[in-house]
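Working notes, structure below.
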Amino acid sequence: MKKMKKMKFLGPAVFAALALACAACSKGAAKGADKGYDVYVFNAKGENAAQFEAMAKAYQSETGVRVKTFSIGAGAEQEGPLTTEMNSASPPTIYSIQGIKRLAQWYEGGYVVDLGAVTDHPAFARLVGEIPQEMRLSSGGNTSYGIPYNIEGYGYIVDTRMLQDLFGAEARDRVLAGLQAASYAEWESFVKTLDQWIKTPEPLSVTLDGAAYTFAGTKTDMTSRLNGVFAVMGSEPWTYGDHFVNIALNAVFDTLNEALAPIADAKLQALRGPFVSYAKALDLKTSYLAGKSGPAHRGQDLVSPANFGYEQTVQIFADGKALFLKQGNWAYNNIAAVNSALAERLWFVPVKMPFTQSDLSAAGITVDRMNRSIPVFVPNYYAVNAMATDAEKKAAYDFLVWMNTSENGQRYIVEEMAFIPYNADPAKTVVPNRLGNSILSYVKSGNTLQGFFQAVPQVWPTDIFGVHIREQFLVKPLWDESDYVKIADYGVSELQKLNSAK
């Protein structure tokens, strides 16, 4: 799920203007004007732009139906381009909605079809009816406003071959399992010990999930490339806003609806402890940084898009200069484009934070479960534009059915886009890349968290909280306990302000 920068709420006047533009467009289409395509799809996943276009061409070859595609750039926000396209003379027939908190703005403007009410297309009605209830984009009842793109997950991506060179072939899998289950204290010790080993290699000992392991006494060609523990996208606030803080949100919320504004005050206050743990974990991660030509440090260089943007940081990791990259399976194609061999050796380790049980008020959540779990969620939904003509809507339904049920459509989704189908059976499904199968292993074991960052007030995770972290703290070399408290207080107070404005 690449960058998800938040769109400001579109007021009635803006929606009215959009409605007039779309209505005019529909009338033009009704008169038979040929737009040069039959269905227009706005794709929010820039990292699969080429694959999506190829899929559209394959569909045209099979059916004769012309599909126009528009994909945002990898790492780009979608709301600005989407609003522009929706306000154009020829708006998309199919477009992207990023979760439940985005639904209201399109629903209120009359731009989204209730797919659950489509009864004149049996194959499409069957597709909609089979979406698992917990994955539906719904305002309640039997409504259903989108077809899930896929499921995604994220954590610390690690090169298992690098683990082999660090600890030996015999210990590699046990070390990986130990990292997945380690306590935060063990994780923190591992990070600091690895940093020491990178500077001066010797047979240092670490403990993971209660078992001891010893680093190799000398470096190999591969481990000699390491200059830091983490590759960090310092210029990208969504990575430490949306995704990193989402771990802390899982400590308090039970359902996505609880995270929608207005959030209960008791829930807001309960976030203070988890936010302090978030700050401590972020301090650790950004204190042991890998760079392009040597160790990196917090400061203006870290927040520079020229040095620590999305592509630059993927390159640092793909070049073997860091052991961990906190990203999701959506990064698979980007990593494979740089180092295809590396892409087939990757696995996920959970993002760990120093929670105590008193921090955790969500039902069924324990410190051990938090340490062993990764977030898995639906990142985007395909919505159908209610302003489109009937012919365009039918073409949209046909395309979505083909994409999600046909052998060729599924081949593009699973093999070319490296997506995990939203209805995959984790006990039977195997996807052709390691990161996808890593996520399925967490789903199978039940060690998953939710994507609450998709529900909290839309501007908060990235534009407010994430940007504040970037501007006030990632440029600061040293943090202390007072900084952790400041970060937590700021996070809670800004959520309170958004609650009051709701």
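Please determine, in degrees from 0 to 90 and to the nearest 10, the orientation of helix 184-199 with respect to the longest principal axis defined by the Cα atoms of the chain, where the helix direction is its Cα long axis. Value to nearest ten degrees: 70.
Each Lys or Arg adds one and each Asp or Glu subtracts one; over the other residues with Cβ under 11 Å from the Cβ of Lys285, this totals +2.
At an R0 of 60 angstrom, the distance between the Cβ atoms of Asp34 and Asn423 translates into a FRET efficiency of 0.95. Derived scalar couplings between HN and Hα for region 315-323 equal 4, 4, 5, 5, 7, x, 8, 9, 7 Hz in order, rounded to whole Hz, by the Karplus curve 6.51 cos²θ - 1.76 cosθ + 1.60 (θ = phi - 60°), x for Gly and Pro.
Fully extending the segment from Lys192 to Ser441, taken as 0.36 nm per residue of separation minus the present Cα-Cα distance, adds 86.8 nm. Full extension of the chain segment joining Ser304 with Asp120 gains 61.0 nm, where the gain is 0.36 nm per residue of separation less the Cα-Cα distance.
Between Thr389 and Glu134, the FRET efficiency from the beta-carbon distance, with R0 = 35 Å, is close to 0.60. Label point of Thr405 set 7 angstrom out along Cα-Cβ; within region 115-141, amide nitrogens under 11 Å from it belong to 121-130. One chain, two ends: Ala50 and Glu170. Fully extended at 0.36 nm per residue, the span grows by 39.2 nm beyond their Cα-Cα distance. Angle of helix 49-63 to the longest C-alpha principal axis of the chain, folded into 0 to 90 degrees and rounded to 10: 40°. The phi-based Karplus calculation (6.51 cos²θ - 1.76 cosθ + 1.60; θ = phi - 60°) puts the 3J(HN,Hα) values of region 398-404 at 4, 5, 5, 5, 4, 4, 9 Hz, whole numbers, x for Gly and Pro.
A straight line joining the Cα centroids of region 311-354 and region 159-237 runs 15 Å. Around the amide H of Gly109, modelled in the peptide plane, lies no amide H under 5 Å away from a residue 5 or more places distant or on another chain. Applying 1/(1 + (r/R0)^6) with R0 = 41 Å to the Cβ-Cβ distance of Ala185 and Thr84 gives a FRET efficiency near 0.25.
Read the figures in this text as sums done on the coordinates, not as results from a lab. Predicted model only: the values in this text are computed from it and were never measured. Glycine gets a Cβ as well: all are built from the backbone with ideal geometry, and neighbour counts include every protein chain shown.
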